[in-house]
1. Is the shape of segment 35-149 rounded, prolate or oblate, going by the alpha carbon gyration tensor and its root eigenvalues a ≥ b ≥ c, with a/c under 1.5 for rounded and a/b larger than b/c for prolate?
2. Which trypsin sites (Lys or Arg not before Pro) from segment 100-147 combine a DSSP loop assignment with at most 15 other Cβ atoms within 10 Å?
3. Express in whole angstrom the spacing between the alpha-carbon centres of segment 88-108 and segment 37-65.
4. What FRET efficiency would be calculated for the residue pair GLU58, GLN24, taking the C-beta separation as r and a Förster radius of 22 Å, to the nearest 0.05?
Amino acid sequence: MAARKENIYQALQGGIYRLRDGSQEFVNTLTRYEIPVALVSTRRGKVLEAAIRAIGMEGFFSVIVAAEDVHRGKPDSEMFVYAAQLLQFTPERCIVFGNSNQTVEAAHDARMKCVAIASKHPVYELGAADFVVNHLDELLVFDLKNLADIESAEFGSEEPELEMEEEEYRPSASIAVDDIFW
C-alpha cells in the first residue's frame, strides 16, 4: 500500500523531488550552528535515499528513520521517539517540523515541540503546533532556542544582531524533520 501511495504521489509530482521555498536557507542555518538533524518519514528507506540524492542533501542528516524502522507510523509517536534515541537527545530537547496535524499530535505525544509548515493545510488549521510558519526560512535560530529551551552557548555565540532584532516582532510562542523538504 505504501509503495502504491508513493507511485501515485510521484505521478502527481511529475517524478521530481525539489526543496520547498525557504528549505535551503533553513538547512544552511542548521549546518552553520552544527545542529543535528534526523529525517523521520513514513516513506520507505529506498524512497528517502532517492529523494535525498535528488535534492543534493546526502550526508546532511545525522539519523534517518524510515517506515521499515518502526512498527507504527503517525499519529503514533514511535518514529520521533526512536529518532531522539538515535540522536541521544531527550524528547523534550527535540523539535519536530511537519506539515500536518498528525505530525503535531505525534510530536506532542512524544513530549517534543512542533513547528508546523503551512503547505498542505492553512495556518489556522495547524494551531495546535507550538509555532506555525509558511516557509522554513521564516524561522530564526532564536525561535528554535526558545522552543527547545536551550541556552545560547549550545547554539554557538555568533548570532547575527539582525536576527535578534527581528525576533522582537515575532509572536511569542536536536531537530526531527518530518518529510517536509519535498
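What follows draws every value from the coordinates through simple rules; no lab data is involved. On a predicted model such as this, the values are computed, not experimentally measured, just so you know. We place every Cβ from the backbone using ideal geometry, glycine too, and count neighbours over all the protein chains shown.
1. Working: a/c = 1.33, a/b = 1.26, b/c = 1.06.
Rounded, because the longest to shortest axis ratio a/c is under 1.5.
2. Numbers: sites: ARG111, LYS113, LYS120, LYS145; in loops: ARG111, LYS120.
Sparse-neighbourhood loop trypsin sites (Lys or Arg not before Pro): ARG111, LYS120.
3. When both Cα centres are located, 17 Å separates them.
4. On the way: r = 15 Å, r/R0 = 0.66.
So, using R0 = 22 Å, E works out to roughly 0.90.
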